[in-house]
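The values are calculated or read from the model by the stated rules, or taken from the named source; none is laboratory data. Keep in mind it's a predicted model, so treat the numbers as computed, not measured. Here Cβ is always computed from backbone atoms with ideal geometry, including for glycine, and neighbour counts include all displayed protein chains. Protein only, heavy atoms only, side chains kept; ligands, DNA and RNA dropped before computing areas. Shrake-Rupley method; radii C 1.70, N 1.55, O 1.52, S 1.80 Å.
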Amino acid sequence: MNAGEGRRRLPGRSTGKGAAAHRPAGARRRLARGGGEVPLDRLTTRGRLAWLNSAGSRIGTTLDLESTAQELAEFTVPRFADGAAVDILESVLRGDEGARWTGTGVPLMRATALCAVESLSSLEPTPVGETTARAEEAHETLLHRYCLRQGKSVLVSRMRKDDFRNVAPTESAAAKMRAAGVHSYLAVPLIARGLLLGSADFVRGPGTPPFSSTDLALAEQLASQAAVYIDNARLYGREREHVVSLQRALLPRATPVTPGLRVQAEYAPSAAHHGVGGDWYDVMALPGGRTALMVGDVMGHGLPAAATMGRLRAVARTLMTLDMAPERVLARLDLATRDLEDEQVATFLCAVFDPADSTYTLASAGHLPPLLIDGQGSAEFVDVPVGAPLGAGVIPYDPIRLKVPKGGNLVMYTDGLVKSRHADIDDQLACLLSAARGLSPEALEDGGLIGCAPADAARFDEAVLLVATALSVGPDDVREWQLPQEGRAASVARSLVTDQLAAWDLEELADVFELVVSELVGNALRYGNGPGRLRLLRGDRLVVEVSDTGPDLPQIQHAELSDEGGRGLQLINMLCRRWGSCRTVTGKVVWAEQNLPS
């Protein structure tokens, strides 16, 4: 509509230092009138249509909502207007739909983009990032009344003295507008799919003609195109936010406290919109005080990769609960990955830490090698045998056993930490190694590699970082003995356990653990070719382990009333918090766990 009133604000972001000083990166240049291009008012109709057609290649070049709004403002200055401002509904910035406003006030708006020529840099508009709604004030602009409520354009060809107060947010801003020579104002709504997304308003100053009805038609057509780009950016941003939320929900909320190990984990989403996908990690407390560390990366991005990541993590946790060796976990995961309907492929690195001797057992399925840092400033990549990625169907996987010094760090990560479009992966890994050597132990555990990694500035993929620090587990917490290969092994084991529990002031558990260790050693003598080593570990719980060379894992058997045996594991199952067994390179380990007395 045509009117003799204006609105509350003008383009040219200002906090007293001028508009151009606060423009976004990539747009921090002050625009001089003309800019080497012919103003639209001097062009023919065909020239104006050509300018309008070029908007498709200069607006919406990214799927970022704020960038799209800024591109709209910069496209119109200085050829169409001397200043431009774009405001977006707060709900749209949060990813919600646009609005058909029916309330008495105005919807909450946020200043999103500003652009102005040098001569208008002294104006005082609402700064980018701040809200612009004044619903409760008696003063109401034509923008509020027509653009935001009714979806109609507002054209003020020649502003009179009283119009400036209706345009500027404050008396001071109105005075500066008059002093700068602003004389014409135009506002158009941004509407897509029949819903209001925001508004774009334009001003002209000295040396340019007033806005005409032809300019209004051009602005409305341009706003119609830009609204589609803004809505696309909103939809893409909402989808990305949902994927990030899903991925964060599928990652561990906290890392457990385990003996002899301190673990810090970091997840860094990609700055690129398409970079969210299937990177994940997990930390699990295993029986016997061991700790499982897992890092994986599902190929691809988006919701399918995040969903696959959640399924693989659930399968990996289930397999680790069975206390399987890392290489066997990878083999089972490969089978599970091949069963997925979407035929996904993933890399995976699994490490199991044993606090008794500060060793890791590692196995890799096509994953990047972990870093070993000895705590003295030396760092190197661990030469883990690299198997095929999960889902490729090439097994078996080969493990490696690694000794870590006290205070040493094992760093596991995904390729998003080093992957770059501008450098070779080997060069990036060398830079990562150099960055790790330059970090203090405290900075390393605080996730410092995320910030100083070689791909940080140009990182287009998400990244996971897991830093595990080996702590000292003294002889007061772990005891291990070699048992004799004969019938008196059970009595020797009972004596060792009873004496150690007395030394730990845990005599009240002695009766239970005498019975438990007798049954474990008896089973090793009968079914496991004799017992190997007896281990007692005191941590958050008390754990006893007996190893042997037998190939078969024990299972609870149903015993009849007349049977003389078959009840040993039933007793252990009743007396202990939990029990289990796992295979080793030389045989197996059977363990039982009990809570410490309060």
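If only Cα atoms are counted, what is the Rg of segment 305-364, and what is its Dmax, in Å?
Considering segment 305-364 through its Cα atoms, Rg and Dmax are 12.5, 42 Å.
Using the Cα centre of the chain as origin and beta-carbon charges of +1 (Lys, Arg) and -1 (Asp, Glu), tell me which of 483, 300, 496 is placed farthest towards the positive end of the dipole.
Highest projection toward the positive end goes to 300.
What residues of segment 187-231 lie in the reach of a label at residue 49, counting those whose backbone N is under 11 Å from a point 7 Å from the Cα along Cα→Cβ?
Taking a point 7 Å out along Cα→Cβ of residue 49, no residue of segment 187-231 has its backbone N under 11 Å.
If I take R0 = 25 Å and measure r between the Cβ atoms of residue 64 and residue 224 in this structure, what FRET efficiency does the formula 1/(1 + (r/R0)^6) give, to the nearest 0.05?
In this case the efficiency is close to 0.80.
Do any GluC sites (Glu not before Pro) in segment 283-378 lie in a DSSP loop with no more than 11 other beta carbon atoms within 10 Å, and if so, which?
Answer in residue order: 341, 343.
In whole angstrom, and with the biggest value first, how far do the Cα coordinates of segment 45-130 range along each principal axis?
Dimensions of segment 45-130 along the principal axes of its Cα atoms: 41, 31, 25 Å.
Would you mind getting the accessible area per residue of segment 473-533, heavy atoms of the protein chains only, 1.4 Å probe, in Å²?
Averaged over the residues of segment 473-533, the accessible area is 52 Å².
Kirkwood hydrodynamic radius (Cα pairs, Å) of segment 358-516?
It is 19.0 Å.
So if we plug the beta-carbon distance of residue 239 and residue 571 into 1/(1 + (r/R0)^6) with R0 = 56 Å, what FRET efficiency do we get, rounded to 0.05?
0.50
Carbon and sulfur: what percent of the chain's accessible surface (1.4 Å probe)?
50 percent
Let me understand the chain better: what is its radius of gyration from the alpha carbons, and its Dmax, in angstrom?
Reported Rg and Dmax, both Å: 34.3, 109.
How far, in nm, would the chain grow between residue 495 and residue 118 when pulled straight, counting 0.36 nm per residue and subtracting the alpha carbon separation? All intermediate terms of the calculation are to be shown ahead of the outcome.
Numbers: separation 377, 0.36 × 377 = 135.72 nm, distance 8.99 nm.
Contour length minus the Cα-Cα distance gives 126.7 nm.
Using only the alpha-carbon atoms, what does segment 167-283 span along each of its principal axes? Please give whole angstrom values in decreasing order.
Each principal axis gives a Cα extent; for segment 167-283 these are 76, 36, 22 Å.
With each label point set 7 Å from Cα along the Cα-Cβ vector, what nm distance links residue 388 and residue 426?
Output for this residue pair reads 2.5 nm.
Once a ≥ b ≥ c are taken as the square roots of the eigenvalues of the Cα gyration tensor of segment 331-401, is the result rounded (a/c under 1.5), prolate (a/b larger than b/c) or oblate (a/b not larger than b/c)?
In terms of gyration-tensor shape, prolate.
So if each residue of separation counts as 0.36 nm, and I subtract the Cα-Cα distance between residue 42 and residue 434, what length gain in nm does that give? Walk me through the numbers before you get to the answer.
On the way: separation 392, 0.36 × 392 = 141.12 nm, distance 5.90 nm.
This chain segment gains 135.2 nm when fully extended.
For segment 378-431, compute the orientation-averaged projected area of the C-alpha convex hull (one quarter of its surface), in nm². Can you show the working numbers first?
Details: hull surface 21.6 nm².
Its average projected convex-hull area is 5.4 nm².
Calculate how many DSSP beta bridges within the chain are antiparallel, expressed in % of all such bridges and rounded to the nearest 5.
95 percent
Where does the charge balance sit around residue 478 when Lys and Arg score +1, Asp and Glu -1, over other residues with C-beta under 15 Å from its C-beta?
-1
Based on the Cβ-Cβ distance of residue 508 and residue 264, what FRET efficiency does E = 1/(1 + (r/R0)^6) give at R0 = 35 Å, to the nearest 0.05?
0.45
When 1/r is averaged over all different Cα pairs and the result inverted, which Kirkwood radius in Å belongs to segment 485-598?
14.3 Å
Once the piece of chain linking residue 214 and residue 480 is laid out straight, how much longer is it, given 0.36 nm per residue of separation minus the C-alpha distance between them?
Full extension from residue 214 to residue 480 adds 86.8 nm.
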